[in-house]
Every structure is written in C-alpha cells, then in structure tokens.
Amino acid sequence: MHMADALLAPATAAVMYVASGTAAGVSVHNIKKLGDDDKKLPLMAVSSALVFAGQMINYTIPGTGSSGHMCGGMLLSALLGPQAGFLSMIVILAIQSLFFGDGGLMALGANVWNMAFYGCFVGYYLIWRPLMRSKISSSRLKIILASVIGCVVTLQLGAFSVVLETTASGITELPFGAFCALMQPIHLAIGLVEGLITAAILSFVNETRPELLTEVSSDSAGKGRLTGKTVVVILAVVALLVGGLLSLFASGNPDGLEWALFGNAEAGYSENMGLDEDNFGLSGSVSEAAASVQETTAFLPDYAFPDSESAAGTSVSGIVGAAIVALVALGVGALVKVSRRKKNG
C-alpha cells in the first residue's frame with residue numbers, strides 16, 4: 001500500500017505529514033511501555049526488523065492477479081503498545097523510502113498514516129485491548145479474533161484513506177467510486193491473510209512468554225516455556241530468514257494498490273484503472289526534489305543491487321534492511337527511554 005509521490009498533490013502530502021507528525025509527537029510524549037521495562041528495547045528492535053522483512057514477502061491473492069504483504073501495525077502494537085509500535089512503523093517506512101525507494105518520500109506522511117496509524121491506534125484501542133480484556137476464556141481465541149478483525153478493519157481504513165487522498169489531490173484518472181470499488185475488496189483479502197500471520201506470531205509469543213504481549217493478565221507472567229531473551233533471539237532469527245531467504249520466493253504479482261492502478265493484463269487479468277506505469281498522476285518541483293533525494297539515498301533500489309537482476313540483491317536487501325531497522329528502532333527506543341527518565345527524575 002506504499003503510495004508513490006505521483007498519487008499526491010503537495011498540499012495533501014503536507015497535511016498528511018502534519019497529521020502523522022502530530023501522532024508521532026503525542027506518541028513520544030505519552031509512551032509508557034519503554035519507561036522501565038528493559039525487555040521492550042530488544043523486543044522493539046527485533047519485532048521492527050521482523051515487520052520490515054515481512055513486508056518484503058508478497059503473497060498471491062488467488063484468482064485476482066494481485067498480491068499483498070503485511071503492514072504490521074497490529075503486530076507491533078500488540079507487542080510494544082500503540083505508541084512504541086507507531087514509532088517503530090515510522091522507522092520501517094522511512095528506511096524503506098530512503099534506502100530502498102519503496103514508497104515516495106513526499107508521500108511518507110500519508111504512508112505512515114495509512115499503514116501505521118490505523119493499525120497501531122485504531123487496531124489497538126478499539127479491537128485488541130477490548131478483546132483481550134473481554135470475558136472470552138481462551139487467550140488463543142482472543143488473540144486470533146483480535147488479530148484477524150484488527151488487520152481486516154485497519155487495512156480497510158488504510159485503503160479507503162488512499163482513495164480519499166488521491167481524490168483530495170485532484171487526480172481525475174482515479175474517480176472515487178471506481179477506485180474505491182477496486183481498493184476495498186482486494187485489501188479485505190490481504191487483511192485476512194495478514195490477520196492469520198499476525199495471529200500465528202502472537203500465539204507463539206503467548207505460548208512461550210505471554211508477558212511480552214500487551215494487555216496480558218499479570219497472572220500469566222513467568223508462565224512461558226522460554227525465557228524472554230530466547231523468544232527475542234528466535235524472532236531475530238526468523239526476521240533474518242524471512243528477509244534473507246523467504247523474500248526470494250515472494251509473489252511477482254502487483255500489490256493491492258498497484259493492481260488497482262495498473263491491473264495485471266500481462267498475466268491475463270483485468271487492466272483495472274489502466275494507468276500507464278511510466279506516466280501517471282501528478283508531477284511537480286516538490287515531488288521531483290523528493291525523487292532526487294531518494295535517488296541519492298537509495299543504495300538498494302527496489303530491494304536489489306543497482307542495475308542488476310541478481311537474486312542476491314534481494315537477500316542482501318532483506319538482511320541489511322532488517323539490521324538497519326533494528327538498530328534505528330533500538331536507538332529511537334533508547335532515546336525515548338532516556339528522555340523519560342530525565343523527565344521523571
């Protein structure tokens with residue numbers, strides 16, 4: 001669902017930067033989960049790396065010619081809390097944009113809002129927390145329900161926001177009704193798959209170290225079958241395997257947004273909106289300046305070696321990207337923790 005700069009007018013992009021920046025500022029001010037819990041910093045690093053790697057795995061949506069990938073906001077907020085999860089998503093999306101050319105730099109504020117805000121805040125406060133506090137006796141059932149419902153609902157909100165943002169930008173090639181009719185159903189399918197993936201990961205954590213999840217009963221503390229450090233190491237290994245190995249087997253079909261815009265006629269499917277991939281949407285001095293910055297900073301554009309089709313470029317991108325995300329997320333978490341201690345001291 002990463003939007004390109006061509007899908008936004010500069011004014012709309014600026015509004016979304018302000019919205020996402022405000023949410024980030026409030027998150028830093030209100031963050032609680034990193035205050036005194038030393039377990040959360042390494043967990044923040046490895047879970048962010050896992051989401052980065054997971055976003056490289058496009059899974060085919062059968063019968064459509066499209067594919068999807070996880071966003072990760074629900075997963076991160078369940079592990080870290082909504083504020084730390086949101087900051088982690090910003091790190092992931094910023095690094096994707098700057099170092100891999102995935103998503104426009106001018107569109108970064110919109111991408112943060114569409115892919116992170118809903119999953120981290122709407123998904124947490126309206127779905128995850130109420131279900132985890134409900135009277136359902138089975139913790140596994142609560143996790144599955146919260147993960148699937150949360151991912152479906154928040155992806156629907158994100159997809160609808162993409163439609164609203166392109167409409168506000170005045171892109172007449174994307175009429176509201178037709179674009180919406182393509183975006184919502186395909187992201188419903190994508191959300192269902194992400195919900196199952198999220199449920200599997202969170203169920204593993206619940207079985208091995210339940211206190212690493214937010215909103216888990218204090219009675220569950222210490223009842224896991226593995227130590228917290230072991231769980232973090234396992235998640236780190238999974239992130240490396242997903243980014244370095246499984247990324248090689250990702251679907252080549254366009255993701256939900258690209259499919260809605262361009263279709264997949266080459267594979268025998270519909271053209272959908274039928275836009276020209278090399279010439280669509282808006283252009284201007286602001287988007288050109290943003291693209292120029294990305295050309296300079298993206299050392300592995302499109303998760304590959306420049307001017308190379310070697311599969312090794314994908315593996316290196318997955319491993320290097322996951323490592324960078326982990327280090328930056330760890331640094332962000334440490335800075336927030338230090339600032340809170342100074343404030344409380």
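The values are calculated or read from the model by the stated rules, or taken from the named source; none is laboratory data. Since we're looking at a predicted model, the values are computed, not measured. Cβ: placed from backbone, ideal geometry, glycine included. Neighbour counts: every protein chain shown.
I'd like to check something: does the range 33-53 contain any residue that is in contact with a helix residue (DSSP H, G or I) (Cβ under 6 Å, 6 or more places away or on another chain), among the hydrophobic types (A, V, I, L, M, F, W, C) and surrounded by fewer than 22 Cβ atoms within 10 Å (Cβ to Cβ)? The answer is yes, given that some residue of the range 33-53 is in contact with a helix residue (DSSP H, G or I) (Cβ under 6 Å, 6 or more places away or on another chain), among the hydrophobic types (A, V, I, L, M, F, W, C) and surrounded by fewer than 22 Cβ atoms within 10 Å (Cβ to Cβ).
Restricting Gly103, Gly68, Gly81, Gly73 to residues that are small (Gly, Ala, Ser) and within 30 Å of Ser285 (Cα to Cα) narrows the list to Gly103.
Here Glu194 meets the list (1) under 20 Å from Val153 (Cβ atoms); (2) of a type in the set (D, E, K, R); (3) outside any helix (DSSP H, G or I) almost entirely, failing just condition (3). The residue pairs whose first member lies in the range 1-15 and is touching a residue at least 24 places away in the same chain (Cβ under 8 Å) and assigned to a helix (DSSP H, G or I), whose second member is charged (D, E, K, R) and surrounded by fewer than 20 Cβ atoms within 10 Å (Cβ to Cβ), and whose beta carbons are closer than 9 Å, counting only pairs six or more residues apart or on different chains, are Asp5/Glu288. When the helices (runs of 4 or more DSSP H) confined to the range 20-115 are screened for residues that are more than 23 Å from Trp128 (Cα to Cα) and modelled with pLDDT of 95 or more, those reaching at least 2 such residues are found at 82-100, 108-112.
Conditions (1) more than 24 Å from Leu75 (Cα to Cα); (2) among the aliphatic types (A, V, I, L, M); (3) assigned to a helix (DSSP H, G or I), marked per residue:
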| position | (1), (2), (3) |
| --- | --- |
| Phe204 | no, no, yes |
| Thr214 | no, no, no |
| Ile234 | no, yes, yes |
| Leu248 | no, yes, yes |
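Identify, please: which residue in the range 288-345 is acidic (Asp, Glu) and in a helix (DSSP H, G or I) and is, among those, farthest from Phe100 (Cα to Cα)? Result: Glu288.
Checked against (1) over 20 Å from the mean Cα position of the chain (by Cα); (2) at pLDDT below 95; (3) within 27 Å of Cys71 (Cβ to Cβ), Leu330 passes all but a single condition, namely (1).
What are the residues in the range 198-229 that are modelled with pLDDT of 95 or more and exposed (fewer than 15 other Cβ atoms within 10 Å of the Cβ), if any? Scanning the range 198-229 gives a single hit, Ala200. Just one of the numbered conditions (1) of a type in the set (S, T, N, Q); (2) assigned to a helix (DSSP H, G or I); (3) modelled with pLDDT under 95 is not true of Ser270: (2). Taking the range 261-290 as the range and being in contact with a Ser or Thr (Cβ under 8 Å, 6 or more places away or on another chain) and among the aliphatic types (A, V, I, L, M) as the test, only Leu282 passes. Taking Tyr59 as the residue in question, decide whether it is surrounded by fewer than 23 Cβ atoms within 10 Å (Cβ to Cβ), touching a residue at least 12 places away in the same chain (Cβ under 8 Å) and touching a His at 6+ places or on another chain (Cβ under 8 Å). So Tyr59 fits the description; yes. Only residues that are at positive phi and among the aliphatic types (A, V, I, L, M) were counted across the range 251-303, and they come to 0.
Quick check on Leu240: is it more than 21 Å from Ile190 (Cβ to Cβ), aliphatic (A, V, I, L, M) and touching a residue at least 24 places away in the same chain (Cβ under 8 Å)? For Leu240, the condition - more than 21 Å from Ile190 (Cβ to Cβ), aliphatic (A, V, I, L, M) and touching a residue at least 24 places away in the same chain (Cβ under 8 Å) - is met.
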